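Structure, as structure tokens:
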Amino acid sequence: MSSFDFEPQRKSVNHRYIVRGVFAVVVIVILYTIVWYFLANKVEEKVANQLATYNESGFVVLCENMHKTGYPLRIGVSCDTVNLQQLMKGFVFSGEKIIAGAPVYAPRWLELSLTAPISLEFPGLVPLSAKWSQMAIETDMSGKIPDAVSLRTDNLEIGSKAEAGQLLDRTTAKFLRFDAHGLNTNLDARLTFENLVLPLIIPHENTPVPEMSGDIKWSIDQAFSLFEVSEDEIDPLQRMRGHKGFLKSSTVRFESGGSITVSGPFSFNDEGYLNAKFDIAISDQNKLLQTARNAFPSQADNLKTIFFALNAMQKNDKGDPVLQLSIKNGEVRLAFFKIGHIDPI
């Protein structure tokens, strides 16, 4: 038989392989879809049961048009609008579309996506509203207390509600991200932000707090005890008593010029007093001096003297002067000068 006779047979064999391959792919897709919908139904049922449990315990949760979402790579549920109320404590939350889901390859890693705007009401406080272009919260649901949490939001805007959707006393930021790991052991956390504007006025100066960007990192030992709620608890900050931590090299840059970098250990004693020893490095002294003068115009002459004295301070490896800030039982000293007192938590 010549090679010409084998050609039709070879084409027939290849055609059969292609047909079998396509058939196998179709079967796999169908089976995967069946499994996905089975798991998605389980997730939807679990969420519905959990919402019912909240409602029975006095925490009213309303999820409008809850439905499955995420196919094919994620399993989750979505609500067109969501409302949470705890009437006995006066807490109210309302928001637009919310999506909660997890990748099929990492079912314990939950991602929560919120669509702005949202509204918040707390007893004794002015009702708040928040807007953003994008927000996502990711967390590890493998334990009762998540061991890791990540939050990212872009073009954030928070303020008290006013007429026609306007916000008063706005806090804004171009970008904000918070990451925390080791919530069940020793905490490592990081907060980064850009173009943060706070609605704060400096006392006795009537000047706004300058716009800033920053990268702040810290650790806290035995962080798991911070989530232990006591029935007679009055102030959650008191859980920090008896804890110690470390502020890693953290930098705040002012948009009007200059930056400071702070690092060092801190702790709270059993009475709630702060003890710490921080190194404060000053970068771009001339620009920072101008920023400080704009913020504290009444102290312009004193600031000039202080910044001139910085040249005599010890320098770090970048050539920036370093100040020593110490806090002992709430008493704050900068070098040898007592500059204030911090009340216990």
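Using alpha carbon centroids, what distance separates region 131-188 and region 200-216, in Å? For region 131-188 versus region 200-216, the Cα centre distance is 21 Å. Largest mean-square fluctuation among Glu44, Glu331, Glu163, in a Gaussian network model of the chain whose springs join Cα atoms under 10 Å apart, belongs to Glu163.
Take the Cα of Phe93, step 7 Å toward its Cβ, do the same at Lys244, and the gap between the two points is 3.5 nm.
Cross-link pairs exceeding 18 Å in C-alpha to C-alpha distance, out of Lys217/Lys318; Lys217/Lys277; Lys68/Lys144; Lys174/Lys287; Lys277/Lys328; Lys97/Lys161, comprise Lys217/Lys318; Lys68/Lys144; Lys174/Lys287; Lys97/Lys161.
Accessible area per residue for the chain in Å², computed with a 1.4 Å probe and the full protein assembly in place, what is it? Walk me through the numbers on the way to the answer.
Numbers: 21990 Å² over 345 residues.
Dividing the accessible area of the chain by its residue count gives 64 Å².
With K and R counted +1 and D and E -1, the other residues having a Cβ less than 15 Å from that of Ile158 yield a net charge of 0.
Report the charge-dipole magnitude of region 135-270 in Debye, nearest 20, computed about the Cα centre from +1 at each Lys and Arg Cβ and -1 at each Asp and Glu Cβ. Display every interim value, and only then the final one.
Values: 13 positive and 21 negative charges, 79 e Å.
Roughly 380 debye for region 135-270.
Each Lys and Arg contributes +1 and each Asp and Glu -1, all at the Cβ; summed about the Cα centre of the chain, the dipole is approximately 1020 debye. Look at where the Cα atoms of region 38-92 and of region 262-339 average out, and the two centres are 49 Å apart.
Nonpolar atom fraction for the chain, defined as the carbon and sulfur part of the 1.4 Å probe accessible area, stands at 60 percent.
Computed over neighbours whose Cβ is under 15 Å from that of Gln285, the net charge equals +4, Lys and Arg +1, Asp and Glu -1. Projected label points at Val19 and Thr81, each 7 Å from Cα along the beta carbon direction, are separated by 5.6 nanometres. Computing FRET efficiency as 1/(1 + (r/R0)^6) for Asp317 and Thr53, where r is the C-beta to C-beta distance and R0 is 56 Å, gives about 0.50. Listed values (1) 74, 45, 37; (2) 83, 53, 39; (3) 102, 64, 45 include one computed from this model; for Cα extents along the principal axes in Å that value carries the label (3).
Can you give the Kirkwood hydrodynamic radius of region 200-291 from its Cα pairs, in Å with one decimal?
Working: mean 1/r = 0.0639 Å⁻¹.
For region 200-291, the Kirkwood estimate is 15.6 Å.
With springs only between Cα atoms under 10 Å apart, run a GNM on the chain and tell me which of His15, His204, His181 wobbles the most. With Cα springs under 10 Å in the chain, the top fluctuation among His15, His204, His181 is at His15. Residues of region 65-85 falling in the label zone of Ala106, defined by backbone nitrogen less than 20 Å from a point 7 Å along Cα to beta-carbon, are 69-77.
Counting charges near Glu271 (Lys, Arg +1; Asp, Glu -1) among other residues having Cβ under 12 Å from its Cβ returns a value of -1.
Quick one: if the Förster radius is 45 Å, what FRET efficiency do Phe224 and Phe175 give, using the C-beta to C-beta distance and rounding to 0.05?
On the way: r = 30 Å, r/R0 = 0.66.
Computed FRET efficiency for Phe224 and Phe175: 0.90.
Run the helix sum for the chain: -39,500 (n - 2.57) per DSSP H stretch of 4+ residues, divided by residue count, reported at 222 nm to the nearest 500 deg cm²/dmol. Working shown, then result.
Values: 3 runs with 75 residues, N = 345.
So the helix-based figure for the chain works out to -7500 deg cm²/dmol.
Full extension of the segment from Leu237 to Val35, taken as 0.36 nm per residue of separation minus the current Cα-Cα distance, would add 68.1 nm. For the chain, the relative contact order works out to 7 percent when only alpha carbon pairs closer than 8 Å and six or more residues apart are counted.
Within the chain, what's the longest run with no chymotrypsin sites (Phe, Trp or Tyr not before Pro) in a DSSP loop and at most 11 other beta-carbon atoms within 10 Å? Give the range, please.
Details: sites that count: Tyr105, Phe336.
In short, 106-335.
Angle of helix 285-295 to the longest C-alpha principal axis of the chain, folded into 0 to 90 degrees and rounded to 10: 80°.
Average 1/r across all pairs of distinct alpha carbons in region 150-269, invert it, and you get the Kirkwood radius: 16.7 Å. Taking the C-alpha atoms only, the angle from helix 300-309 to the longest principal axis of the chain is near 80 degrees.
The values are calculated or read from the model by the stated rules, or taken from the named source; none is laboratory data. In this text, all values refer to a predicted model and were calculated from it rather than measured experimentally. Heads up, the Cβs are rebuilt from the backbone with ideal geometry, glycines too, and the neighbour counts pull from every protein chain shown. Areas reflect the complete protein model, heavy atoms only, side chains present, ligands, DNA and RNA absent. Shrake-Rupley method; radii C 1.70, N 1.55, O 1.52, S 1.80 Å.
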